[in-house]
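The values are calculated or read from the model by the stated rules, or taken from the named source; none is laboratory data. For clarity, every value in this text was computed on a predicted model and none was experimentally measured. No Cβ is skipped: glycine too gets one built from the backbone with ideal geometry, and neighbour counts run over all protein chains shown. We work out accessible area using only protein heavy atoms, side chains counted, and drop any ligands, DNA or RNA first. Shrake-Rupley method; radii C 1.70, N 1.55, O 1.52, S 1.80 Å.
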Amino acid sequence: MEQLIRELNDPVNQAAPERINEIQRQIQRLQRDKSAWQGGLDLLQHGEAIIRFYGALTLTIKINADWDNDGIGTDEQMKFYLLESLLSHYIRLVTLPDSNFVLQKLCSTLVTFFAKPDSEWTYPIRHLFARLLGGQYTSEAALPVMRQLCEAATKCSDAQLKGVLMLVRTMAEDLGGHTSSAVAENRIARRLAVSCLDAWQLFEFSLHRVLGHEDRQDATLPIAPDSAELLQMVLQAMPFWTSTIKHECLQLDTDAIRETEVIAKECIRIAVRLLGSDSFLGHVLQLLVHLQQSSARILRDAVPNFPATVAESKRAKEMLYLLVQGDYSAEGILYVDLLESVMSQVDTTTSEYLHSGRYNEVVQTLRRLLRCEGVAVIEDPVCQIALEKVSEIVEGFADWEDGDTAATFIRDLAADACDACLSKVKIPQEQMSITTQDWDADDRAKFQDFRYDVHDFLQSAFAVLGNALIEGIVKTILSQVEDPDWSAFEAAIFSLTAFSDTMSSDPDTYDSLITTVLSSPPWHYILQSGTTVPDKARQTGIRFIADNVVYLRRHPDSMVLVLNFLFSSLHLQGSASAASKAIYSLCESHRTTLTEGLPQFMASLTTVGDLAEAESHRLYAAIAAIIQALPTEEAKIQPLAELLASIPSVSVVLNGEDQDQDERQRLCIDAMQTLASIGRGLRSPDDVPIDLESPNTQQSMFWHNGPGASVQRDVLNLYQAILLKMQPWADATFIEACCDFIKSGFTEQHPSPFKFPDSVGLNLVTHWLTLENPTIDTAMTCASSFLAAVESNNIQSCLRGILYPVITNQQTTLSSYHQAQQLPSSNFASASLDFLARLTTRWGAVWFFMQDAGEMLGVAFELALVLMAESDTLPRRSAAAFFATVVDCSGPGGPLEMETSQRISVIVRAFGPRTLSLVARLLGGDCARSEIESLTETLKKSVQRQPMLTKTVLREAVKQEAGVLTEKALKATSVEQRNRFVAQVEALRGARKTNDIVKEFWLACRGSGFGYIT
């Protein structure tokens, strides 16, 4: 192995990844060999540090992976030899001293040994300390108490003390919440609790040794490097060992528990005095953050008047000053993390925290952190944290009792924070225009997220400050008279959009304010001379318009000017998207008002040539919405025909002009997406009352057989013509556009231009239910939507029409699988099972009264069993969800009526033994962790709806002779464990705790070799 290790770390081989991988595989094979126990110990004696490191790594892997396989836990002689050898090597290497990375890895090996339940190493800290001090073998039974060891260690070397502190720190790092189950975590916690007092007595001894027995008043005095390293180890380990002080875990008497807490609090007090030390500031802050998060009570008891003690300290004031100046040091950010942790545990719904006086300085600090130099989240990493905490404080104020004397404090805080936020949401001038901006997508997204957080805060602050907040923002807008500061204007308009719903719901109060804004000099400049306005200011102005469409309905005199502005913005790169969205929003909501302007809207289509496809689609949808609002059906025919004829890509495709394949695909996709957009625009508004009892015969006659039928024929002809042109190259994008077109009329309650007869819709949908469809999930979703939209008297024929191609293709998939022993690359199988699961709950009463329903469901079950047996996670989840849904519908208490459930139950019972046996095998350690939840759902539904069947199958499946569980699972678990698992599942009858029981069983079946082994 030595030569392989050298080759692995040889710089010459780093450029050859295949060789590196091969070397790693060879090393891993050697590490798993039984001889690696002694081999790893031998490597610890090597003269090269990197070889010694791999010796420790090999032993860590062996203990994790092969402890049970090689019988170490039951071999007392081998276990004793291994521990003594590890301790002897560690003591020798500490004394050298060896490199830290070798000592750290060997410490991890010792901790891994300790973590084994049957290691029988009870007092690792005391044992190692005694060995380091004495140098001779000492049995655990003969160990002195830690106090005696500390008294004997007054003259020990820093290296010896470092050796035991490194173990204590490594126990914290390696055992702190990394266990694989709750049972293992509790077991480790109980074993650690035995050493808890030892750890704290060691910390106390180390602190006094480094800092002196008297309180160290001057934290700036220098500390020797070796002693400083000891102090850092103590500070790093203290949070974990504080969290182990849990009365329910400590198997100690009351006096011992009290002594542990007293020592811990004293150590924390000593550590806090080191805030004044530049060398230890970061370590102390990290300690306080961890203590606040995991052991807040002990921290409060240890540090009188915490957190005011820290927040009011000279060092805290210095860090705050630097943060406000834009100096974001690691220590400064840690201090902010501490404030966040403190305020996260404060109940802000009462004023007690302010009256106590302990949190006032913390709140004031957060308030000042909203005014730090730099752009929010891009340059200033703390303002978002400060905003979150201030928001929680302001929101909590809503639950205070009236007349509280601290209310003025909260109002001042809210007003000042709002003012700070108006500045923080400003976009830097160079980022206001597309041509000058240089932020990447991530930076833009982060800054935008912060701005929306400000939106949320402003809404919370409104509850405290009332209309004065909105009026203050409006004054900021009005202050931009000559040579506007577009960044400030944009920030104010953006902030004002936070109150769009509030202003729309109270026109008597706010319409005058909106009018004032729209009449302001900068707004007038945007509407009249917008081409010179920065892109971001224009975009936010467009959003303000879109958010106030209700205002425009009440003030139609502003509509023409606004629409002219929006249409002019369509042709500016930075505003086209926002403008097209606003135009669609206005037309969709004001369609009735805008019908008189339909000719002008139609004329605008002649200028769409320079628009991107998404913007063009919105414009077509907007005009379709206006056409939908025309007073009569007859009035819609001509404009609809003109609208369809005006689609540029349709004209080019159908006229047969020469294009290369890529261009033809692009045009066909655009044409289909435009048709789908028109269909979306033609939908009736959501706010129009639906008369469910009105006859639709007349409307049906009009669009299906009357004057409007020509429109439907033209639309379908266009669809078919585009489809014919694209058919050989139909990709996922095109098929999704086709499905959007097909679905566009489904939501209509009565026949309309794009709501076709059910027979036509059936043909359109089934065309895409093929094995070759690259986006079959979309087609299946379209089929579900179609069935939800058909007339009740047509549901049976349409359901059969959909089921036939689905089941036929499932049969084809099964045949291919049985011939080739592998599934096709298409995901039709999983998509079809997802579809059938939805169909079962919605249309089960129709499906299962068909004559051949049992045969169809049987095909689906066979396919689901194949998918579940395959190792691919997503198809397996689909199969599990299908089984869970069908089983849920098969018994009393399910979503379907009894007669339907009984019909389904016949199929479920026929396939139950195979299904449940496979589920048991997979949950017995043969599935991925991410699959446990979906498979457990199948098990839970089976227990609930088919209890006798489930009980019989599971009891048989866990027997060794049944051959259901894997050899590994049978070896890793006893018969009693497996039977207890079945009994627990039966007793819980599908309750939520079943998930926990299954996870424990899965882990047990995986064996001790599963998990982190390095």
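In µm²/s, what is D for the range 491-535 at 20 °C and 1.002 mPa s, where D = kT/(6 pi eta Rh) by Stokes-Einstein and Rh is the Kirkwood radius from Cα pairs? Mind dumping the intermediate values first?
Numbers: Rh = 11.6 Å.
Translational diffusion coefficient: 184 µm²/s.
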Helix-only CD estimate at 222 nm, as mean residue ellipticity for the chain, using -39500 (n - 2.57) per DSSP H run (n ≥ 4)
-21500 deg cm²/dmol
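Can you give me the convex hull volume of the Cα atoms of the range 451-518, divided per residue and expressed in Å³?
Details: hull volume 5.1 nm³, N = 68.
Each residue corresponds to 75 Å³ of Cα convex hull volume.
Which pairs, out of Lys265/Lys314; Lys446/Lys743; Lys116/Lys999, put more than 25 Å between their alpha-carbon atoms? Working shown, then result.
Details: Lys265/Lys314 23 Å; Lys446/Lys743 35 Å; Lys116/Lys999 20 Å.
Listed pairs above 25 Å: Lys446/Lys743.
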Around Phe80, under 12 Å between beta carbons, what's the net of Lys plus Arg minus Asp minus Glu among the other residues?
-4
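Which whole-number value in Å² is the accessible area per residue of the range 467-564, probe 1.4 Å?
Values: 4020 Å² over 98 residues.
Normalised by residue count, the accessible surface of the range 467-564 is 41 Å².
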At q = 0.14 Å⁻¹, what log₁₀ I(q)/I(0) does a Debye calculation on the Cα points of the range 572-674 give, no solvent, two decimals?
-0.57
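For the range 72-189, what is the per residue volume of the convex hull drawn over the alpha-carbon atoms, in cubic angstrom? Walk me through the intermediate numbers first.
Working: hull volume 12.9 nm³, N = 118.
In the range 72-189, the Cα hull volume divided by residue count equals 109 Å³.
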Alpha carbons only, please: Rg and Dmax for the chain, in angstrom.
36.3, 106
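Near Pro913, within a Cβ-to-Cβ distance under 15 Å, what is the net charge of the other residues, with Lys and Arg +1 and Asp and Glu -1? Can you show the working numbers first?
Details: positive: Arg909, Arg914, Arg921, Lys951, Arg955, Lys959; negative: Glu862, Glu956.
Counting the neighbours of Pro913, the net charge comes to +4.
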Counting only DSSP loop positions in the range 82-177, the trypsin sites (Lys or Arg not before Pro) whose Cβ has at most 14 other Cβ atoms within 10 Å are Lys155
So what are the range 846-902's ellipsoid semi-axes, whole angstrom, largest first, if each one is the square root of 5 times an eigenvalue of the alpha-carbon gyration tensor?
24, 14, 7
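Evaluate the relative contact order of the chain (contact order divided by residue number), counting alpha-carbon pairs under 8 angstrom at least 6 apart; express in whole percent. Each step should come with its number before you reach the end.
Values: 1220 pairs, mean separation 56.0, N = 1014.
Here the relative contact order equals 6 percent.
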Calculate how steeply helix 17-31 sits against the longest principal axis of the alpha-carbon atoms of the chain, using the helix alpha-carbon long axis, and give the answer as 0 to 90 degrees to the nearest 10.
50
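Given axes a ≥ b ≥ c from the Cα gyration tensor, I'd like to know whether the range 357-507 is rounded (a/c under 1.5), prolate (a/b larger than b/c) or oblate.
Details: a/c = 2.09, a/b = 1.38, b/c = 1.51.
Oblate, because a/c is 1.5 or more while a/b does not exceed b/c.
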Calc'd 3J(HN,Hα), the range 113-125, phi into Karplus 6.51 cos²θ - 1.76 cosθ + 1.60 (θ = phi - 60°), Hz, glycine/Pro = x, comes to 4, 4, 5, 5, x, 9, 6, 6, 9, 8, 10, x, 5
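How much net charge surrounds Ala237 when only the other residues with a Cβ under 10 Å from the Cβ of Ala237 are counted, with Lys and Arg +1 and Asp and Glu -1?
Working: positive: Arg169; negative: Glu173.
Residues near Ala237 contribute 0 overall.
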